[in-house]
1. Please give the charge dipole size of the stretch 75-187, origin at the Cα centre, charges +1 on K and R Cβ atoms and -1 on D and E Cβ atoms. Round to the nearest 20 debye.
2. What FRET efficiency, computed as 1/(1 + (r/R0)^6) with R0 = 35 Å and r the Cβ-Cβ distance, is obtained for T91 and D139, rounded to the nearest 0.05?
3. In whole Hz, what ³J(HN,Hα) sequence does the stretch 42-51 give by Karplus (6.51, -1.76, 1.60; θ = phi - 60°), x for Gly and Pro?
4. Dividing the convex hull volume of the alpha carbon atoms of the stretch 50-187 by its residue count, what do you get in Å³ per residue?
5. Skipping prolines and chain starts, which residues have an amide H placed within reach, meaning under 5 Å, of the one on M82, given they are 5 or more residues away or on another chain?
6. Based on the mean of other Cβ atoms within 10 Å per residue, sort peptides 46-59, 161-174, 70-83, 123-136 so the most packed one is first.
7. Using a 1.4 Å probe on the protein heavy atoms, what percent of the accessible area of the chain belongs to carbon and sulfur?
8. Over the chain, what is the percentage of antiparallel beta bridges among all DSSP beta bridges, to the nearest 5?
Amino acid sequence: MKLWLLRHARVLAAPGLCYGASDLPAAPEATHAAAQAAAAVLPAGLPVWVSGLQRAQQLAHDLHTLRPDLGAPRRDLRLNEMDFGCWEGHTWAHIPRTAVDAWTADFAHHRFGGAESTQQVIDRVATALADVVAQVGQDGEALWVTHAGVTKAVMYLKAQGARPIRSAAEWPTTGIGHGELLSVVWL
């Protein structure tokens, strides 16, 4: 299976803000530009799944307007960004170093900000991926309009398989930028 990953455009927020599960809008111009770029390269008739957060919904809507052959995006909350709990809405620079250190010391299971662990994100992405493979088949293709953390979870699963993450060193250090498209051949 080939999974296309499209990350939402830049959000309308101050730089350096921790906003994971916060439902912030994306910049309309950047969203439209990302939709145009993706529309130019995506294969015809591709099924689309989208995060429940408005910044991803905006991009999926603009893409569907440009490419109605892709069909209506299916909303899947498993494609939402990681929930950073009490750190949502704070700048990363103002999150205490001790909080970040506690997260990286137990990267798999520590619920950063008290909400969700990295392993929980990986597990929900893995179940969403299994469901998509079941629907489109091993020879099929699909598009997810989603977030940085979800794309990194997909990259982790591609590289490491379904085994639990053991340390922050195993988490992908590179991902895709705002409004960028990436294809991952899964099987």
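The values are calculated or read from the model by the stated rules, or taken from the named source; none is laboratory data. In this text, all values refer to a predicted model and were calculated from it rather than measured experimentally. A quick note on method: Cβ atoms are made from the backbone with ideal geometry, for glycine too, and the neighbour counts reach across all protein chains shown. Please note that ligands, DNA and RNA were not included when accessible areas were found on the heavy atoms of the full protein model with its side chains. Shrake-Rupley method; radii C 1.70, N 1.55, O 1.52, S 1.80 Å.
1. On the way: 9 positive and 13 negative charges, 42 e Å.
Once rounded to the nearest 20, the dipole reads 200 debye.
2. Calculated value: 0.20.
3. Per residue, the Karplus-derived 3J(HN,Hα) values read 6, x, 5, x, 5, x, 10, 10, 9, 4 Hz.
4. Numbers: hull volume 15.8 nm³, N = 138.
Output value, Cα hull per residue: 115 Å³.
5. Close amide H contacts, sequence-distant or interchain: G149, V150.
6. Values: 46-59: 21.9, 161-174: 12.1, 70-83: 18.3, 123-136: 16.3.
Top to bottom by mean Cβ count within 10 Å: 46-59, 70-83, 123-136, 161-174.
7. On the way: 4780 of 8480 Å².
Here carbon and sulfur together make up 56 percent of the probe-accessible area.
8. Values: 8 of 19 bridges.
About 40 percent, rounded to the nearest 5.
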